[in-house]
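Only one structure is covered here, and it is reproduced in the block below.
The values are calculated or read from the model by the stated rules, or taken from the named source; none is laboratory data. It should be emphasised that the depicted structure is a prediction, and the values quoted were computed from it without experimental measurement. With ideal geometry, Cβ positions are generated from the backbone for all residues, glycine too; neighbour counts draw on all protein chains shown. Remember, those area values only see protein heavy atoms, side chains included, never the ligands or the DNA or RNA. Shrake-Rupley method; radii C 1.70, N 1.55, O 1.52, S 1.80 Å.
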Amino acid sequence: MNKAKRGPDKHIMRMHFQEKLVKLILQAFSAVSILVTIGIVATLLWETLGFLREVSIFEFLFTTKWTPTLEPRHFGVIPIVVGTMMIAVLSSIVSIPVGLGSAIYLSEFAPAKVRKVVKPILEVLAGIPSIVYGFFALNFITPFLKGIFPQIEVFNALSAAIAVGIMTMPMVASLSEDAMRAVPKALREGAYALGATKLEVALNVVLPAAISNVISSFVLAVSRAIGETMIVAIAAGSSSILTFNPLNSIQTMTGYMVNISMGDIQHGSVEYKTVFAVGLLLFLMTLLMNILARHIVSKYREEY
């Protein structure tokens, strides 16, 4: 009897030990990700504070000339912020309508066989390296646009934005389609019972029911466009002049970081520290976008 009791006790103790061990391992993994994030933010903050000791924050945030590597030096970040936002806005004009339309088709209209073919193709598009999209923009999109806009420059914001939109479109399509397919069939069947057409069900029932995750996919796509590097570095150019004309060459925040990192810049110089100041500003912009996405999801989430 005593032996019979000891056996289960040892087994229970072993299970408790294994659960505690797994919990500790998972906590360690979580701690690593948190520590890495803290390390990145701390590095950006430290170097940015060094930059702000030499350049006033007013000049950095509110002036419109950005020539940190040329004499006379100017450190107004607005031109590259405008270039970044131009890419984000123009790319969303491509990615959001096409991605949402693809999601509605795949979720509500496409036969199962078509969905099985198209969905993997979208995932393949999402997996193509961004540098490939950059050369695609430079060698195909720009010459095509040249036939429409003869005055367009070789390196321009429009072709880069179109390429970024094509790259982020699968994200919008896939996430939105998953959100719409998660809507219960009972809602669709109730709408059909009331005489609604398939299009009316898709637009007036399914899409509103999944709107929180759909809008979240839009925000994530815009955030991805803001942080895109290689496409804009190759196709958008490196002209840090304030312009709102998408046919002109521009420079984005990530494009500047790439160009300055590849140049012969002395470590510790003010030009070197601009990379971290721009990086911190970019980090804050994407952080705000992610906070916005979480707010939208929590506010409009529908639970079934």
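Identify, from the list Leu280, Leu284, Leu292, the residue that is at pLDDT 85 or above and open to solvent by 40 Å² or more (accessible area, probe 1.4 Å). On inspection, the qualifying residue turns out to be Leu284.
Scanning the range 175-197 for residues that are closer than 15 Å to Val214 by Cβ, of a type outside the set (A, V, I, L, M), in contact (Cβ under 8 Å) with a residue 40 or more places away in the chain and open to solvent by 30 Å² or more (accessible area, probe 1.4 Å) returns a single hit, Arg181.
Yes/no matrix, rows are residues, columns are (1) under 16 Å from Leu247 (Cα atoms); (2) open to solvent by 60 Å² or more (accessible area, probe 1.4 Å); (3) free of Cβ contacts under 8 Å to residues at least 60 places away in the same chain; (4) not polar (S, T, N, Q):
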{"site": "Pro111", "(1), (2), (3), (4)": "no, yes, yes, yes"}
{"site": "Val118", "(1), (2), (3), (4)": "no, no, yes, yes"}
{"site": "Phe136", "(1), (2), (3), (4)": "no, yes, yes, yes"}
{"site": "Thr142", "(1), (2), (3), (4)": "yes, no, no, no"}
{"site": "Ile148", "(1), (2), (3), (4)": "yes, yes, yes, yes"}
{"site": "Glu153", "(1), (2), (3), (4)": "yes, yes, no, yes"}
{"site": "Ala157", "(1), (2), (3), (4)": "yes, no, no, yes"}
{"site": "Ala163", "(1), (2), (3), (4)": "yes, no, no, yes"}
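Here the range 31-68 is the region considered, the condition is being surrounded by 14 or more Cβ atoms within 10 Å (Cβ to Cβ) and among the hydroxyl-bearing types (Ser, Thr, Tyr), and the residue that is farthest from Leu220 (Cα to Cα) is Thr67.
Scanning the range 27-79 for residues that are farther than 15 Å from Glu271 by Cα and outside any helix (DSSP H, G or I) yields Thr63, Thr64. Scoring Val270 on the criteria (1) under 21 Å from the mean Cα position of the chain (by Cα); (2) open to solvent by less than 30 Å² (accessible area, probe 1.4 Å) leaves a single failure, condition (1). Look at Ala126 and say whether it is under 25 Å from the mean Cα position of the chain (by Cα), surrounded by 13 or more Cβ atoms within 10 Å (Cβ to Cβ) and farther than 20 Å from Leu284 by Cβ. Here the answer is yes, as Ala126 does meet what is asked.
Taking the numbered list (1) on the phi > 0 side of the Ramachandran plot; (2) crowded, with 19+ Cβ neighbours inside 10 Å in turn, Phe218 passes all entries but (1).
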